[in-house]
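Input: a single structure, listed below in structure tokens.
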Amino acid sequence: MSDPEPKQDDELVSMSLMEHLTELRNRIGIIFVAFIILFFLCFIRPFGADTFNAADYVYFWLQAPLAEILSERGGRMIFTGLHEGFFTQVKVAFFISICITFPLILVQVWRFVAPGLYRNERSAFMPFLLATPILFVLGAAMVYYLVIPLAWDFFLSFEMVGGEGTLPIEVEPRISEYLSLVMRLMFAFGVSFELPVILLLLTKAGIVTPAGLARNRKYAILIAFIAAAILTPPDVISQVMLAIPVILLYEMSVIGARFIYKNNDYEDSTD
């Protein structure tokens with residue numbers, strides 16, 4: 001059996017504990033500074049109070065599915081506290097900054113971890129690093145383009161037209177509650193779509209096996225529905241539309257785990 005490849009191309013790099021901590025501090029500092037700069041760029045209004053900032057445009061985009069439905073009924077959105085509009089802007093600016101810095105976070109994690117990996121380990125880890133933001137975006141896109149329109153139609157179906165002796169029941173959503181719900185849904189779906197990355201990494205590390213994943217399928221299905229009930233609004237539509245993709249992703253992870261497991265066995269047999 002040949003000796004493992006050096007962790008760098010030509011030489012083994014060793015670092016002391018303090019050097020590791022300093023490197024970690026620098027990486028965290030880069031992420032923090034980038035986040036703060038992006039936050040203020042999204043929050044400030046460069047041309048005065050009467051202009052739109054980046055947070056406004058993202059807010060318009062987030063409320064577009066509801067606006068499309070309510071525009072036909074003459075609906076509106078409201079805020080009931082003097083501070084609510086301000087903190088809504090803060091939430092949206094925070095949301096934008098997190099989304100933009102997420103790839104930067106992955107890059108900094110990679111640059112911190114990569115020097116301690118062998119070349120074959122780096123090449124094996126890279127696909128998982130690239131798949132992480134892609135799967136997160138797919139989960140968020142599913143919320144925006146599929147789940148939200150159906151869920152909003154369901155919720156708005158409980159409006160009632162007033163008649164003789166009765167008052168109409170109309171929705172007037174608060175902007176803070178609406179944005180919190182939308183961002184929570186997008187975050188829940190985005191994180192849930194990371195399931196294949198987590199399971200395949202655990203398989204690659206030898207912590208789980210394809211047989212174990214297949215054997216525990218029934219528990220995975222139960223956990224998927226419990227998580228969907230916790231993370232989504234209390235309606236069947238959004239809960240089922242989160243649970244089913246998670247179950248499908250679990251099944252895909254089982255197939256991928258079998259492929260990885262066979263490749264690992266093959267590599268071990270040829271060493």
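The values are calculated or read from the model by the stated rules, or taken from the named source; none is laboratory data. These figures come from a predicted structure and were not determined experimentally. Cβ: placed from backbone, ideal geometry, glycine included. Neighbour counts: every protein chain shown.
Tally up the residues in segment 176-211 that are over 23 Å from the mean Cα position of the chain (by Cα) and either modelled with pLDDT of 90 or more or assigned to a helix (DSSP H, G or I) (or both), please.
Going through segment 176-211 one residue at a time, the tally reaches 2.
Looking at segment 14-35, can you tell me whether even one residue there is of a type in the set (S, T, N, Q) and either modelled with pLDDT under 65 or within 22 Å of the chain's Cα centre (by Cα) (or both)?
There is at least one residue in segment 14-35 that is of a type in the set (S, T, N, Q) and either modelled with pLDDT under 65 or within 22 Å of the chain's Cα centre (by Cα) (or both).
Yes or no: segment 212-232 includes at least one residue that is under 21 Å from Thr132 (Cβ atoms), modelled with pLDDT of 85 or more and not aliphatic (A, V, I, L, M).
no
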